[in-house]
Amino acid sequence: MTDKKLWAGRFAAPTDAFVEAFTASVEFDQRLAPYDIQGSIAHATMLARQGILSDAERDAIIGGLERILARIEAGGFQWSVELEDVHMNIEAALTDDIGIAGKKLHTGRSRNDQVATDVRLWLRAELVEIRSAVRRLQHALVDLAEREADTIMPGFTHLQTAQPITFGHHMMAWFEMLERDHARIADCGTRLNVMPLGAAALAGTSYPIDRDYTAGLLGFDRPAENSLDAVSDRDFAIEFAAAASILMMHLSRMSEELIIWSSAQFHFITLSDSFCTGSSIMPQKKNPDVPELIRGKSGRVFGHLVALLTLMKSQPLAYNKDNQEDKEPLFDAVDNVKGSLKVFADMVPAITCNHDAMRQAAMKGFATATDLADYLVRKGTAFRDAHEVVGKSVAYCIQKGCDLADLGLDELRRFSPAIDDDVFDCLTLDGSVAARDHIGGTAPAQVRKAIERARARLD
Ligand code: ARG
């Protein structure tokens with residue numbers, strides 16, 4: 001293997017040993033190898049088609065690159081820090097293997113357009129996986145929503161009991177959050193799918209290249225319009241990190257609810273033992289580690305977004321070495337988003353609902369107070385007056401230590417003569433949820449319709 005630097009021509013002194021290690025990226029960017037090779041094969045194919053390489057040189061290059069890829073995949077490739085990055089490691093190995101033709105591969109391109117192309121190809125493939133992981137979690141949520149479409153629980157605002165809802169409705173709220181994430185990630189993929197290759201270092205190249213042809217070979221929608229922008233643009237990375245951050249923010253909120261609900265105080269749900277761990281000192285403990293860790297990982301992904309924004313802020317055109325710092329945040333964001341989605345989707349089907357605890361909780365906290373106000377409105381009372389009547393009834397119940405449904409008709413009528421004995425229907429939890437029977441409402445019938453629409457969207 002040639003350890004001489006591929007760019008050493010104008011240098012008299014060798015690179016400082018620490019600088020060499022400090023500036024190298026091969027330890028992490030070797031992950032781009034399959035995409036680097038894919039890009040190089042397309043580039044060589046185009047060069048030969050344009051008469052810049054001979055067909056024999058092209059075939060030697062492609063054969064050599066394929067052998068290198070096989071070696072990398074088998075774990076038998078020797079990465080060298082002296083060769084700085086994935087691009088020069090592969091190029092040097094190619095030249096070692098096929099000789100002079102290997103030295104011709106870099107004709108009409110630069111590492112600047114090469115790396116920008118590699119990262120886009122890599123992220124494009126990862127986006128496909130992330131989208132299907134989002135879909136998998138959505139499927140799990142829809143199934144759980146269907147199982148628990150009739151399950152009553154208290155709905156909260158300010159984490160104070162607000163109105164009764166169904167657990168299925170709550171799961172479908174999560175589904176909607178993920179639906180937007182899925183769309184955001186797809187959208188990020190449309191702007192990403194533009195090819196930098198051909199921009200070369202920054203200004204383009206003097207060879208008669210055919211960028212449309214290379215773009216077609218690599219599945220890009222088109223070549224990037226401007227060579228300076230092509231080598232310096234990392235918007236796609238920032239857009240992804242932003243979409244990933246929003247997705248992680250959603251997973252964090254969902255996790256937080258699972259953590260609260262699985263506490264002894266709430267006891268709304270039980271998480272499967274397989275997704276919890278114990279304490280080394282307190283024998284009674286079963287900790288919701290998985291949702292806690294996902295909640296924690298959200299912070300790490302937000303950090304990558306800020307890192308990428310800060311990386312690009314104030315950079316003059318065109319390529320700067322700063323850009324090498326785009327990879328680790330991106331790689332880590334992708335790994336953690338994928339891991340979080342996977343484990344969340346595995347965990348959801350194993351959630352058990354403690355129906356009695358949820359129903360008991362919904363009966364506390366005057367969850368049907370709004371229903372009583374709506375009842376009075378139906379009897380001709382103005383809403384503001386009805387609000388006042390119910391407020392007073394609630395204050396009375398608090399004093400007495402009971403719920404609205406525990407009051408007798410006579411007691412209720414003290415607050416408004418408009419109240420009749422049909423009032424008790426609207427004070428029940430099932431009556432309350434069933435009444436919210438419009439698109440987007442919590443009535444079990446509506447949740448079932450929402451599930452049906454969701455399934456149609458998923459297929
Ligand atoms: N390892 C570099 C990176 O990740 C590749 C591009 C290097 N280009 C350069 N002009 N030094 O950005």
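Overview of results
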| read-out | value |
| --- | --- |
| The chain: angle of helix 289-312 to the longest principal axis, Cα-based, in degrees nearest 10 | 50 degrees |
| Cβ-derived FRET efficiency at R0 35 Å, A395 paired with D425, nearest 0.05 | 0.90 |
| Solvent-accessible heavy-atom area per residue, rounded to whole Å², over the stretch 300-459 at 1.4 Å | 51 Å² |
| Cα pair count fraction exceeding 30 Å, expressed as % - the chain | 59 percent |
| Label point distance in nm, A201-K4, each placed 7 Å from Cα along Cα→Cβ | 2.1 nm |
| The stretch 1-156, accessible surface, carbon-and-sulfur percent (1.4 angstrom probe) | 53 percent |
| Cα-based shape type of the stretch 71-127, given that a ≥ b ≥ c are square roots of the gyration tensor eigenvalues and the cut on a/c is 1.5 | oblate |
| Contour excess over end-to-end distance, with Cα ends at R455 and E73 and 0.36 nm allotted per residue | 133.7 nm |
| Protein accessible area in the stretch 164-280, 1.4 Å probe - carbon and sulfur % | 52 percent |
| Partners for K104 among lysines (Cα-Cα distance below 18 Å; same-chain residues under 8 apart left out) | K4, K5 |
| Percent antiparallel among DSSP beta bridges (both partners in the chain, rounded to 5) | 80 percent |
| Sequence of L69, L376 when ordered by accessible area, the most exposed leading, probe 1.4 angstrom | L69, L376 |
| Mean accessible surface per residue for the stretch 98-198, computed with a 1.4 Å probe while every protein chain stays in place, in Å² | 35 Å² |
| D437-F383 FRET efficiency (beta carbon distance; Förster radius 25 Å; 0.05 resolution) | 0.80 |
| Normalised contact order of the chain, rounded percent, pairs of Cα under 8 Å and 6 or more residues apart | 17 percent |
| Calculated FRET efficiency for the pair V128/K313, C-beta based, R₀ 41 Å, to 0.05 | 0.85 |
| Per DSSP, loop trypsin sites (Lys or Arg not before Pro) in the stretch 266-322 with at most 11 further Cβ within 10 Å | K285, K313 |
| For the stretch 205-360, the spread of Cα positions along each principal axis, largest first, Å | 74, 31, 27 |
| Carbon/sulfur fraction of accessible area - the stretch 368-459, other protein chains in place, 1.4 Å, % | 53 percent |
| Estimated vicinal HN-Hα couplings, Hz - the stretch 176-187 in sequence order (Karplus 6.51, -1.76, 1.60; Gly, Pro = x) | 5, 4, 5, 4, 5, 4, 4, 5, 5, 5, 4, 5 |
| The stretch 177-236 shape via C-alpha gyration tensor axes, a/c threshold 1.5 | oblate |
| Approximate shape of the stretch 334-390 as ellipsoid semi-axes (Cα gyration tensor, √5λ), whole Å, largest first | 43, 16, 8 |
| Expected-Rg normalisation [2.2 N^0.38 Å, Cα atoms] applied to the stretch 344-459 | 1.32 |
| For the chain, calculated [θ]222 nm from helices alone, where every DSSP H run of n ≥ 4 adds -39500 (n - 2.57) | -19500 deg cm²/dmol |
| Hits among lysines - C-alpha to C-alpha of K364 under 16 Å, sequence gap 8 or more where chains match | K400 |
| Partner aspartates and glutamates for K313 [C-alpha distance under 16 Å; skip if fewer than 8 residues away on the same chain] | D229, D233, D235, E239, D322, E325, D326 |
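The values are calculated or read from the model by the stated rules, or taken from the named source; none is laboratory data. If you're wondering where the values come from, they're calculated on a predicted model, not measured in any experiment. Every residue, glycine among them, receives a Cβ derived from its backbone with ideal geometry; neighbour counts consider all protein chains shown. Side chains included, ligands, DNA and RNA excluded: accessible areas come from the protein's heavy atoms. Shrake-Rupley method; radii C 1.70, N 1.55, O 1.52, S 1.80 Å.
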